[in-house]
Amino acid sequence: MTKQPKDIYEFGPFCLDTRERVLLRDGRPLPLKPKVYETLVALVSRSGHVVDKEELMKRVWPDVVVEENNLTGNIFALRRAFAEHQYIETVPRRGYRFTANVKQVTVEDLTILGRSGAETEVLIKETITTTRKVINSLAVLPFINANADPEAEYLSDGITESIINNLSQLSRLRVMSRASVFRYKDREADPQEIGRELNVCAVLLGRVLQFSERLIIRTELVDVESGGQLWGEQYNRKPVDIFAVQEEIASEISETLRLKLRDEEKLLLTKRYTQNTEAYHAYLRGRYFWNKRTEDALKKAIDYFQQAIVVDQNYALAYAGLADCYAVLGNFNFLSPQASYPQAKTAAVKALEIDDTLAEAHASLAWVKTQYDWDWPGAERKFKQAIELNPGYTPARYWYALLLSAMGRHQEAITESKRAQEIEPLGHISNTVLGWVLYFARQYDESLEQLQRTVEIEPNFSFVSYHLGMTYEQKGMFAEALEELNRAINSQGSRLTALAVLGHAYAVSGERDAALKVLKELQGASRQKYVAPFCIALVYTGLGENEQAFAWLEKACDVRSWGLLWLKVDPRFDRLRPDTRFAALLDRIGLVR
């Protein structure tokens, strides 16, 4: 019979059970931060001997260089936990000695509660179960930029997003997406209130303060039900330690929540896509501007991603960022398809050559296959691969929903959209896409209800307004449609696309002169910058000028224009469907009729 390892220690009224990673006093667990617990184990396992400070720090922080004040804080926390029991002796200029009379025991000879070992083990487990509820959902709120310097905003945002991305890869933890939590940025709000609104068990708060040679990050994990602190820590490091700090925060949260991680998940928490801090800061700046989604911001993001690649040519995430930027520039008609999608494809392929586990790159490549290559089976395979690699990466899910919608697989599209919405319930893009696919499924009342809820989440998102306008138009509510579409063209976003949607609505509502004025503006703008031929075709379709509509749709096919993706299901083109030329267009695009 194999002898059981002696991993339980008794001293005074305390029991340190290293199997359950818990310190008990009189059978009741005492809450300890993960690193405080590791310090205790290091001291107790060497009871009676001096443990040097350097040895302690290497054991508790094996992969990170930390300052002595981190260890001092842990010792203080332990002395407070032991209260009147003076178990930890300071040995000047050397370290610490654990002075209690420690008995190392097995479960069979446990006597701390005067019960048999088996009874005691059951009691310990029951106590832990009842006092430590399962926490399986988390929201990481945007870390506060304590410098109050706009130039440092990218860092606090980037650290937040990195922690979200790390924790999102853990199968036993549901983590709110960036889109859901960043709506709380710069808002004074109660973490309990936010947690209840997001339907999570815990909320992580943080502050970032950067000096020339110091990076200070303060974190606090709050229990939503009680409002109590589950864990908190302050990290005082050099800026070059930013990778280690983020990994340590994610690791300590997983330990605090007692998540049982698979080996591959442990590796994911410490995976670094670059070792170069200069490249990483350029990447964070790129993501900061990418998230703004304006034309100027996307072009700034490209510059930063390219800077990151110059510093580290094997930085897969930076290539994935480039792919995302060019894909969105094409989606929003800020660039022509020829100027955007091939560059997006090149960057995504390069990212996957370096690291084929990047869900972001698979999703970007899938979107290029959808919008530009019209490779429907290939796009679907890539989307499924991206979702398998990272089920919490919502762009993969809502882009896939749009592909399914374009192919006429409406119920699948709605289901996939709802999955994205479950991950980011307060994300304005995922909520808009759900309204969009309901529109293409011709469930107009449901679409209208969904889009109106989205306005409550983000009133200034132009795509919500113009999808609302499209839905009102199909219901014959032209006054409401024109009001929403005029709002859309005055919002920040793709103005010319919204203008074309407005022109079509003017035409079908009987305001022909207004539609012709829009058409003239679009054609005039096309002499200065790229205007998607699909936009002009849309206005001609509304005007009932079918010859011009087909001529511009052919031009749209020649350049693989935005909008053609949904030609099969878009109700605005119903009047053209009886014409044999329409079927020929669908064949050219590769959409099965």
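The values are calculated or read from the model by the stated rules, or taken from the named source; none is laboratory data. From a predicted model like this one, the values you see are computed outputs, not experimental measurements. Here the Cβ positions follow ideal geometry from the backbone for every residue, glycine too, while neighbour counts run over all protein chains shown.
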Based on what the data block shows, is Ser162 of a type in the set (S, T, N, Q) and either in the same structural domain as Glu360 (by TED's automatic domain parsing) or under 18 Å from the mean Cα position of the chain (by Cα) (or both)?
-> yes
Determine which member of the set Val60, Val65, Val41 is closer than 22 Å to Asn101 by Cβ and among the aliphatic types (A, V, I, L, M).
-> Val41
If we keep only residues of the stretch 299-347 that are of a type in the set (Asp, Glu) and at pLDDT 95 or above, then the residue nearest to the chain's Cα centre (by Cα) is Asp303
Name the single residue, out of those in the stretch 211-231 being in contact with a strand residue (DSSP E or B) (Cβ under 8 Å, 6 or more places away or on another chain) and surrounded by fewer than 16 Cβ atoms within 10 Å (Cβ to Cβ), that is modelled with the highest pLDDT.
-> Ile216
Can you find a residue in the stretch 520-534 that is assigned to a helix (DSSP H, G or I) and within 30 Å of Gly378 (Cβ to Cβ)?
-> yes
Out of all the residues in the stretch 395-411, is one or more part of a helix (DSSP H, G or I) and either in contact with a Pro (Cβ under 7 Å, 6 or more places away or on another chain) or not assigned by TED's automatic domain parsing to the domain that holds Gln450 (or both)?
-> no
Using beta carbons and a limit of 6 Å, which pairs, at least six apart or on different chains, have the first residue in the stretch 414-437 and modelled with pLDDT under 95 and the second one among the aromatic types (Phe, Trp, Tyr) and not in a helix (DSSP H, G or I)?
-> His428/Phe461
Within the stretch 540-593, how many residues turn out to be under 29 Å from Val328 (Cβ atoms) and either assigned by TED's automatic domain parsing to the domain that holds Ala441 or not in a helix (DSSP H, G or I) (or both)?
-> 11
Would you mind stating whether Val50 is out of contact with any Leu (no Cβ under 8 Å at 6 or more places or on another chain) and either among the β-branched types (Val, Ile, Thr) or at pLDDT 85 or above (or both)?
-> yes
Inside the stretch 287-333, can you point out the residues that are outside any helix (DSSP H, G or I) and either over 23 Å from Ala498 (Cα atoms) or not charged (D, E, K, R) (or both)?
-> Asn291, Thr294, Asp312, Gln313, Asn314, Tyr315, Phe332, Asn333
Residue ID - farthest from Leu221 (Cα to Cα), chosen from residues in the stretch 26-39 that are of a type in the set (D, E, K, R) and surrounded by fewer than 16 Cβ atoms within 10 Å (Cβ to Cβ) | Asp26
Looking only at residues in the stretch 334-360 that are part of a helix (DSSP H, G or I) and either in contact with a strand residue (DSSP E or B) (Cβ under 6 Å, 6 or more places away or on another chain) or of a type in the set (S, T, N, Q) (or both), which one is surrounded by the most Cβ atoms within 10 Å (Cβ to Cβ)?
-> Ser340
Just give me the residues in the stretch 260-269 being in contact (Cβ under 8 Å) with a residue 40 or more places away in the chain and either crowded, with 20+ Cβ neighbours inside 10 Å or out of contact with any Leu (no Cβ under 6 Å at 6 or more places or on another chain) (or both), in sequence order.
-> Lys260, Leu261, Arg262, Leu268, Leu269
Of (1) in contact (Cβ under 8 Å) with a residue 40 or more places away in the chain; (2) surrounded by fewer than 24 Cβ atoms within 10 Å (Cβ to Cβ), Val368 satisfies every one except (2)
Any residue in the stretch 405-420 that is crowded, with 24+ Cβ neighbours inside 10 Å and either under 15 Å from the mean Cα position of the chain (by Cα) or of a type in the set (Phe, Trp, Tyr) (or both)?
-> yes
Failed condition for Gln192, given (1) assigned to a loop (DSSP other than H, G, I, E, B); (2) farther than 22 Å from Leu170 by Cα | (1)
Is one or more of the residues making up the stretch 471-493 touching a helix residue (DSSP H, G or I) at 6+ places or on another chain (Cβ under 9 Å), without any contact (Cβ under 8 Å) to a residue 24 or more places away in the chain and crowded, with 23+ Cβ neighbours inside 10 Å?
-> yes
Can you give me the number of residues within the stretch 509-527 that are of a type in the set (Ser, Thr, Tyr) and under 17 Å from Asn486 (Cβ atoms)?
-> 1
